[in-house]
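Asks: Here it is: the structure, laid out below.
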Amino acid sequence: MPNAFISGTGSSIPERVVTNQDLVDTYGIDSDDAWVQKRTGIKTRRFTEPGTGTTELGADAGAKAIAAAGLQPQDIDMILAATISPEYAFPGIGVTIAEKLGLCEGSGATFVPAMDIRNQCSGFVYGLSTAAAMVQSGAHKHVLVIGSEIHSAALDLSTRGRTIASLFGDGAGAVVVSATDEDRGVRSWKLGSDGRHAEVLCQKIWDMRQRPFIPVDEDGYGRVSPEMMYAHMDGRQVFRHAVERMCTVTMQICLENGVTGDEVDLFMFHQANMRINQFVAKQLAIPEDKLIHNIDKYGNTTAATIPLLIDEAVRTGRLVPGMKVACVAFGSGFTWGATLIDW
Ligand SMILES: CC(C)(COP(=O)(O)OP(=O)(O)OC[C@H]1O[C@@H](n2cnc3c(N)ncnc32)[C@H](O)[C@@H]1OP(=O)(O)O)[C@@H](O)C(=O)NCCC(=O)NCCS
């Protein structure tokens, strides 16, 4: 059985930087920098300009990951794309990313399978695990895993929506998972979900139990109330469950691999809130220098947080071969997961 290792990484970060003060000055939100920084650790986030879609960010990050792996897009056997902000209700972004990578036309057309993963902030860890299983089984040699999000289009950028609007940002990260005979790569994964809490953090938009699924006005236009249109979150419940699940799943993945926390060189936690991660680190006695962050710069980019962390760590030399890395995520669903990688 081949091992599955990360052979290349890439990122796509929108240029426009939005500070906490910009939320006040540009959007008129009754907020303040000190509140957001103290509660979340976020200083800035990035917003894309109108006209750019999740597919573009994802394809850009994906192309960079493929190049970093020393491969051509035509070498990719499968695409797994994690997002909660696809351009359309359907189809997902995996197929349009494949098209943007040139895999559907001309002599380079390979028409590879492309699959979207709908596991919110845990989407990348679910994708990485699925890719590793595909590679280890021998089914595929190179699987592209992408986390791509454009939140700025769907935030309630007003005082009414300030709790959620101050948390999220746009961005995409990608990795190529490749087969190797070397003794390295994704060792194992542990995934979980608890759908009893689906409505604690959700964006409804429509309700398929209604006829029609979106109420229609007399002119035939669908009308969506703000409660349905924007995400809803009980922040305190999310916080509590995130700490509990992230602690447990980190311990489980270490135990399963016979590894102590001391033997892990880097912990890459999902970037929902700096305080959640500090809480988890404290509970598990993880020293601060083993934990890396990007929430201060990018906010919560959902499925993109961990591949963005990985790519930056690789590019800055923070992550080098021989290191042991634990990626841990928690998100809406609730869903959670962890993977242990020998880099
Ligand atoms: C969202 C979160 C930061 C809120 O912190 P909190 O201490 O629970 O704060 P509350 O929601 O109780 O709000 C306290 C007050 O601050 C206000 N507030 C919310 N956002 C604000 C902002 N951006 N600026 C200023 N005040 C704000 C609230 O309106 C509330 O005011 P009120 O008491 O007058 O109603 C925190 O609950 C959290 O981080 N939860 C986890 C969220 C998360 O990780 N989500 C993604 C998971 S993948």
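Asks: Normalising by the residue count of the stretch 3-182, find the relative contact order in percent from Cα pairs under 8 Å and 6+ residues apart.
Replies: It comes to 35 percent, rounded to a whole number.
Asks: For the chain, what is the percent of antiparallel DSSP beta bridges, rounded to the nearest 5?
Replies: Numbers: 40 of 55 bridges.
Bridges in the chain are about 75 percent antiparallel.
Asks: Next question, about the same structure. Measure out, as a whole number of angstrom, how far apart the alpha-carbon centroids of the stretch 18-38 and the stretch 217-245 sit.
Replies: Between the Cα centres of the stretch 18-38 and the stretch 217-245 lies a distance of 21 Å.
Asks: Work out, step by step, the length gained on full extension between MET323 and TRP206: first 0.36 nm times the residue separation, then minus their alpha carbon distance; give nm to one decimal. Intermediate results must be reported in sequence, preceding the final value.
Replies: Working: separation 117, 0.36 × 117 = 42.12 nm, distance 4.50 nm.
Additional length available on full extension: 37.6 nm.
Asks: Further question: For the pair ASP219/LEU255, report the inter-label distance in nm, with labels modelled 7 Å from Cα in the Cβ direction.
Replies: 6.0 nm
Asks: Continuing with this model, one more query. What nm distance separates the two modelled labels at THR26 and GLU99, each placed 7 Å from Cα along Cα→Cβ?
Replies: Computed distance between label sites THR26 and GLU99 equals 2.9 nm.
Asks: Separate question: Which lysines, if any, have their Cα less than 22 Å from the Cα of LYS190, not counting same-chain residues under 8 positions apart?
Replies: Within the straight-line cut-off, LYS190 pairs with LYS282, LYS290, LYS324.
Asks: Mind checking which helices in the chain clear 27 Å along their axis (Cα) and have mean Kyte-Doolittle hydropathy of 1.6 or more, DSSP H runs only? Write out the running numbers ahead of the final one.
Replies: Details: long enough: 235-256 (31 Å, 0.08).
Going by DSSP H runs, there are no hits.
Asks: For TRP35 and SER107 in one chain, what is 0.36 nm times their gap in residues minus the Cα-Cα distance, to one decimal in nm? Please report the intermediate quantities before stating the final value.
Replies: Details: separation 72, 0.36 × 72 = 25.92 nm, distance 5.44 nm.
Stretched out fully, the TRP35 to SER107 stretch lengthens by 20.5 nm.
Asks: Also, I was wondering about something else. In whole percent, what relative contact order does the chain give with Cα contacts below 8 Å and a gap of six or more residues? Working shown, then result.
Replies: On the way: 821 pairs, mean separation 87.0, N = 343.
Contact order relative to length: 25 percent.
Asks: Give me the extension gain from GLN74 to SER188: residue separation times 0.36 nm, minus the current Cα-Cα distance, reported in nm with one decimal. Write down the numbers at each step before the final one.
Replies: Numbers: separation 114, 0.36 × 114 = 41.04 nm, distance 2.77 nm.
Going from the current span to full extension adds 38.3 nm.
Asks: Follow-up question, since we're still on this one. Packing-wise, with mean Cβ within 10 Å as the measure, how do 256-264, 39-47, 63-71 rank, highest first? If you can, show how the numbers build up before the last one.
Replies: Details: 256-264: 13.4, 39-47: 20.8, 63-71: 19.1.
Answer by packing, highest mean first, reads 39-47, 63-71, 256-264.
Asks: Right, next: If we count other beta carbons within 10 Å of each Cβ, what is the order of LYS290, LYS38, fewest first? It would help to have the intermediate numbers written out before the result.
Replies: Values: LYS290 16, LYS38 11.
So the ranking, lowest neighbour count to highest, is LYS38, LYS290.
Asks: Follow-up question, since we're still on this one. If you take the square roots of the eigenvalues of the alpha-carbon gyration tensor of the chain and sort them as a ≥ b ≥ c, do you get rounded (a/c under 1.5), prolate (a/b over b/c) or oblate? Don't skip to the answer; put the middle values down first.
Replies: On the way: a/c = 1.63, a/b = 1.20, b/c = 1.36.
Taking the square roots of the gyration eigenvalues as a ≥ b ≥ c, the chain is oblate.
Asks: For the residues CYS327, CYS104, what sequence is obtained by ranking on other C-beta atoms within 10 Å, fewest first?
Replies: Details: CYS327 27, CYS104 16.
The order, fewest Cβ neighbours first, is CYS104, CYS327.
Asks: How many nm separate the modelled label positions at GLU263 and ARG240, each set 7 Å beyond the Cα in the direction of the Cβ?
Replies: Placing both labels 7 Å along Cα→Cβ, they lie 3.5 nm apart.
No lab work stands behind these numbers, since they all come straight from the coordinates. Since this is a predicted model, take the numbers as computed values, not measurements. Virtual Cβ from ideal backbone geometry, glycine too; neighbours counted across all protein chains shown.
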